[in-house]
Amino acid sequence: MLVLRLNKAGMPQEWIHPESAAKLYCQNKVLFELGESDCVLHGGWNRQGKQSTLTLSSIIACDGKVADLTGKIALNNRFLFRRDNHICLYCGNQFSPSQLTRDHITPRSRGGRDCWTNVATACARCNHAKGARTPEEASMPLLAVPFKPNIYERFYLMNRRILADQMAFLSSHFSQQRQWLPLNR
Ligand SMILES: [Zn+2]
């Protein structure tokens, strides 16, 4: 498991390995725990033959340096497809990543930017059918509004093995747009 580290204001900072989290515990930097699941790390043995253990929470908030992560989210296909739940935003079918493409809603050849709000997950077939046209021109309306992930969504996109309590924490801060349902189905 990875531990979600927050700053003292409760904003996500990074996913860290349990060993790194243990170090923060030992340095007394953990201010509070929000996770409901625990991870037990085993340490050295004492003279009485008892092994030391350290129980880590799945979400910890720490004092110290606060990273400003606003606005910094790489646009890559892995994150894009995950944002759209691997669903082609034109036909509404779900595909494996290898069958998906990044569609520029306003085509790049027409001045469309390569940014979160101008890209949609599309299957190869729909992308080809749409060609260098806008959805209106191609009569292929988008099934959802493309959005730029907020900080909590970003942390969701970054980790593929999120625990239930971590997901509950992150998703409570997801933007409304994230709870999209196909619009025209
Ligand atoms: Zn499609």
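Tabulated data
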read-out	value
Approximate spin-label separation residue 69-residue 148, in nm, with each point projected 7 Å along Cα-to-Cβ	1.7 nm
Dimensions (Å) - the chain, Cα atoms, principal axes, largest first	76, 29, 26
Loop-located GluC sites (Glu not before Pro) in segment 19-100, at most 16 other Cβ atoms within 10 Å (DSSP)	36
Over the chain, relative contact order from alpha-carbon pairs under 8 Å, at least 6 apart, %	19 percent
Residue 113-residue 161 pseudo-label distance in nm [points 7 Å out on the Cα-to-Cβ vector]	3.7 nm
Neighbour net charge for residue 102 - beta-carbon separation under 14 angstrom, K R +1, D E -1	+3
Surface/4 estimate of mean projected area, convex hull on alpha-carbon atoms of segment 77-130, nm²	3.3 nm²
DSSP beta bridges in the chain [antiparallel fraction, %, rounded to 5]	85 percent
Extension reserve of the residue 132-residue 48 stretch, reckoned as 0.36 nm per residue once the Cα distance is removed	22.9 nm
Order of 108, 5 - criterion: other Cβ atoms within 10 Å of each residue's Cβ, fewest first	108, 5
Trypsin sites (Lys or Arg not before Pro) restricted to DSSP loop in segment 14-54 with at most 11 other C-beta within 10 Å	47, 50
Total formal charge among the other residues, if their Cβ is under 10 angstrom from that of residue 61, Lys/Arg +1 and Asp/Glu -1	+1
Segment residue 106-residue 20, extension gain: residue separation times 0.36 nm, minus the distance between their alpha carbons	26.6 nm
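Read the figures in this text as sums done on the coordinates, not as results from a lab. The structure presented is a predicted model; accordingly, all values stated were derived computationally and were not measured. All Cβ positions, even for glycine, are placed from backbone atoms using ideal geometry, and neighbour counts span all protein chains on display.
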